[in-house]
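All of the numbers you see were taken from the coordinates with simple rules; none came from a lab. Fair warning: this is a prediction, and the values are worked out from it, not measured in the lab. Cβ atoms come from the backbone with ideal geometry, glycine included; neighbour counts cover every protein chain shown.
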Amino acid sequence: MFMQVAYLQRSGVYMTIKDNQTVALHPSTDVRGKPQWVIYEEFVLTSKNYIRTVTTTNVDWLVSTAPHYYDLSNFPECEAKQEIESAYRRMAQRASK
């Protein structure tokens with residue numbers, strides 16, 4: 001499920017990370033607040049693009065779990081890419097210690 005991830009933009013809306021689709025948490029989602037990173041199971045298209053069956057995650061876990069998927073050379077320009085770059089820098093710092 002590491003491919004089904006959305007990132008909370010500064011504008012307050014979620015964007016899927018690879019295809020840059022604007023999405024909202026489905027009303028049936030039981031996630032509290034607006035976490036920065038979420039993994040979702042379903043993409044539901046009604047009058048709006050919704051993601052459903054959502055859980056929170058963090059970028060460090062995503063990068064360490066699937067570095068082949070989060071390869072920055074294949075990543076579109078977006079706010080999430082900056083966070084992923086920061087995660088790679090943190091991983092490199094931890095590895096050098």
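For region 63-72, does any single residue satisfy the condition of being touching an Asp or Glu at 6+ places or on another chain (Cβ under 6 Å) and within 17 Å of M1 (Cα to Cα)? Steps first, answer last, please.
The first filter runs over region 63-72 and keeps only residues touching an Asp or Glu at 6+ places or on another chain (Cβ under 6 Å), leaving none.
No, region 63-72 contains no residue that is touching an Asp or Glu at 6+ places or on another chain (Cβ under 6 Å) and within 17 Å of M1 (Cα to Cα).
In region 52-68, what count of residues is obtained for those that are under 12 Å from the mean Cα position of the chain (by Cα) and either more than 18 Å from R10 (Cα to Cα) or exposed (fewer than 15 other Cβ atoms within 10 Å of the Cβ) (or both)? Even if it seems obvious, please write down each step before you answer.
First, the residues of region 52-68 that are under 12 Å from the mean Cα position of the chain (by Cα): 54-63.
Still in the list and also either more than 18 Å from R10 (Cα to Cα) or exposed (fewer than 15 other Cβ atoms within 10 Å of the Cβ) (or both): 54-56, 58, 60-63.
Count: 8.
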